[in-house]
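One structure below.
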Amino acid sequence: MDVIIEGKITREEGIDEVLKTCAEIKSVKTPILRINDSDSDLQGQIAFSQGGYIIGGKINQSGEIGYAAVRRLLMVSDGNYAILDPLRKHITDVNQSLWLKIDKLVPLLPNLPENPDGLLDKQPDIEHSVKSGQFDIASGLVGLDESNKIQETVAKPVVTSANKSKGRKFNLGFWRVFRTGMMITVGFTAMLAGFTYYREIVVFFQQLMHH
């Protein structure tokens, strides 16, 4: 993972400012915030999604994940951090699809509730996420190239073979009825006109019947 920004968590630059920085990053779809606590051996990562969401977290030592891990990491008041670019790699180990809105968390820091109820947002619209390159059916997140493939699959039209299409089949039955009707009409007209052109009419009918 490439380091985008790094610094220290202090009274002057608290974890709230770090969260705001993560939310404002537009060049990376899923930045990862790595946190180290100076007062203990606590280390871990928090995963973000564009739109100002925290989607998960993990404590390195214990393997604790989810909101509990995010809550512990966001209580750090003295330490250092680094914002990382996962470089289109899947981040399933730190993605629990929490969809915690950063704007709701910041006013509550550092005393986040033990229960995330009220902080969780609904998962963003799938169509919008696909277009922005965020959504993945398996892991919740993908890179832009993979999302384009999903869009192509969703948008690809269903093409029906012209040979099997009812709208393109030649209607033989209709043509037979039409030809018979024309023959009757011509015959009736000839009878009304008399027998002046009797021979010519006979030849005409003979030719027509052979078609």
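Some points to look at:
- Share of carbon and sulfur in the accessible heavy-atom surface of segment 28-94 [1.4 Å probe, %]: 44
- Radius 12 Å from Cβ of Asp78, net charge of other residues (Lys, Arg +1; Asp, Glu -1): -2
- In whole angstrom, segment 1-127 maps to an equivalent ellipsoid with semi-axes of 20, 17, 15, each derived as √(5λ) from the alpha carbon gyration tensor and ordered largest first.
The values are calculated or read from the model by the stated rules, or taken from the named source; none is laboratory data. Not measured: the values here are computed from a predicted model. Heads up, the Cβs are rebuilt from the backbone with ideal geometry, glycines too, and the neighbour counts pull from every protein chain shown. The area values use the complete protein model at the heavy-atom level, side chains included, leaving out ligands, DNA and RNA. Shrake-Rupley method; radii C 1.70, N 1.55, O 1.52, S 1.80 Å.
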